[in-house]
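Before any comments, here is the structure.
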Amino acid sequence: MGVFTGNPKNQPIHLGEAFDLYSALVVAQGTIAGYQLYYNHTGDNDLRDFLQDIIRIKRDYVKQLQEPLKANGILLPPAPAERSNVDLDMIPAGARLTDPEIAIAVQTDITAALVATSQAMGKAIREDLAMMYNKMHQQAVMDGARLLELMKQKNWVVPLPTIPEVKEVEVDK
C-alpha cells in the first residue's frame, strides 16, 4: 500500500500543497481585514451586505485551510487584527473610498481567486484538498456573478470600448 492511498486526510501533503494552503490562508486572512475596511467605507447597503457575506465565507475558508496545515505540523501565519466598525461620516470625504472603487477592487480579488484556486486544484494530489479548492472556485464564480449583477444595477461597470461594426468590403477578383 502506497503513501497516497486510503483516507486523503491521513496522507501527507507535498510542498506545493503546503505552499498553496499557506498562501491561500494568508490571502483569506488579509481579505477579511481588507473587506472590513471596505465595509467601513461603503455607503451602499447592497454592497455592505455583499461584503458581510464575503467576510463570513472567508472566515470559513480560514478554518478549512488551517486544518491540513495544523495536521501536518506547519505553523500558521499570523492574522491581521480585526477591524472595528466606524461611522462612515467620521471618514473625511477625501480619504474615503467610493462604492464603485470598492466593487472594482473586490471584483479584481474574485478574478485572482479563480486563477489561484484553479492552479491549486490542478497541483493537488490529495482529493480532499482538490475538492476544497473546487468548492472555493465555485463560490468565487457565484460571488463574481452576484457582484457583477450588483455593479450593473448600480451603474458601476466600466465597459471596454465597443468594436465598431465592420462593413463588408468587396474584393475584386
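Here are the numbers for the structure shown:
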quantity	calculated
Residues within the range 11-40 that are open to solvent by 30 Å² or more (accessible area, probe 1.4 Å) and not hydrophobic (A, V, I, L, M, F, W, C), tallied	7
Qualifying residue in the range 145-153 (condition: open to solvent by less than 70 Å² (accessible area, probe 1.4 Å) and among the charged types (D, E, K, R))	no
Which listed residue is part of a helix (DSSP H, G or I), more than 30 Å from LEU15 (Cα to Cα), out of contact with any Phe, Trp or Tyr (no Cβ under 7 Å at 6 or more places or on another chain) and free of Cβ contacts under 8 Å to residues at least 60 places away in the same chain, from GLU67, GLU149, GLU168	GLU149
Test: residue in the range 109-122 that is over 20 Å from the mean Cα position of the chain (by Cα), among the β-branched types (Val, Ile, Thr) and loosely packed, with under 15 Cβ neighbours inside 10 Å	no
Which numbered condition LEU76 misses (of (1) open to solvent by 20 Å² or more (accessible area, probe 1.4 Å); (2) of a type in the set (A, V, I, L, M, F, W, C); (3) within 14 Å of the chain's Cα centre (by Cα))	(3)
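The values are calculated or read from the model by the stated rules, or taken from the named source; none is laboratory data. These numbers come from a predicted model, not from an experiment. Because the Cβ atoms are built from the backbone with ideal geometry, glycine has one as well, and the counts that use them run over all protein chains shown. Areas reflect the complete protein model, heavy atoms only, side chains present, ligands, DNA and RNA absent. Shrake-Rupley method; radii C 1.70, N 1.55, O 1.52, S 1.80 Å.
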